[in-house]
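*Asks:* Mind looking over this structure? Questions follow.
None of the figures in this text is laboratory data; all of them are computed from the coordinates on show. These figures come from a predicted structure and were not determined experimentally. Cβ atoms come from the backbone with ideal geometry, glycine included; neighbour counts cover every protein chain shown.
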Amino acid sequence: MQSLNDIKAILFRIIRANLSNAALDLEPETTPSWDSITMVDIILDSEDAFGIRLSVEDLDHLYRVGDLVDAIHMRLREIHAS
């Protein structure tokens, strides 16, 4: 299973952000280039990169990058627990 640092590294590559603690707090409202199309791209690219599917409930709770990291980590743990 991938570690949280691996998840962050891949995700930040997808969203083209620098790997830092502040990056976990990035959110669409405070990032001018992050619009609804960008969000869809980030979600689809993340699902492909990690071989997961995020649920509607997961998507309803995505407000910042850290939330996406948590959702990916949870889905990966579920897969590896099966």
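*Asks:* Taking only Cα atoms, what is the 0 to 90° angle, nearest 10, from helix 4-15's long axis to the longest principal axis of the chain?
*Replies:* It is inclined by approximately 40 degrees.
*Asks:* Of the candidates Ile52, Ile72, Ile42, which one comes out as most mobile in a Gaussian network treatment of the chain with C-alpha springs shorter than 10 Å?
*Replies:* Answer for the Gaussian network model of the chain: Ile52.
*Asks:* If I fit a long axis through the Cα atoms of helix 36-50 and take the longest principal axis of the Cα atoms of the chain, what angle between them do I get, 0 to 90°, rounded to 10?
*Replies:* The angle comes out at about 30 degrees.
*Asks:* Here's something else I'd like to know. State the answer as a single residue: which of Ile79, Pro28, Tyr63 lies farthest towards the positive end of the charge dipole of the chain, with beta carbon charges of +1 for Lys and Arg and -1 for Asp and Glu, about the Cα centre.
*Replies:* Ile79
*Asks:* So if each residue of separation counts as 0.36 nm, and I subtract the Cα-Cα distance between Asp67 and Thr38, what length gain in nm does that give?
*Replies:* On the way: separation 29, 0.36 × 29 = 10.44 nm, distance 1.60 nm.
Computed gain between Asp67 and Thr38 is 8.8 nm.
*Asks:* Evaluate the charge dipole of the chain about its Cα centre and quote only its size in Debye, nearest 20, assuming +1 on the Cβ of each Lys and Arg and -1 on the Cβ of each Asp and Glu.
*Replies:* Details: 7 positive and 15 negative charges, 71 e Å.
Here the size comes out at about 340 debye.
*Asks:* Continuing with the same structure: May I ask you to derive the FRET efficiency for Arg77 and Glu47 from their Cβ-Cβ distance with R0 = 25 Å, giving the value to the nearest 0.05?
*Replies:* Values: r = 16 Å, r/R0 = 0.63.
E(calc), rounded to 0.05, equals 0.95.
*Asks:* Moving on to the next point. Could you tell me the calculated FRET efficiency between Thr31 and Ser3, based on Cβ-Cβ distance and R0 = 30 angstrom, to the nearest 0.05?
*Replies:* Rounded to the nearest 0.05, the efficiency is 0.75.
*Asks:* Given the alpha-carbon gyration tensor of the chain, what are the semi-axes of its equivalent ellipsoid in whole angstrom, ordered largest first, with each equal to the square root of 5 times an eigenvalue?
*Replies:* Those come to 20, 14, 11 Å.
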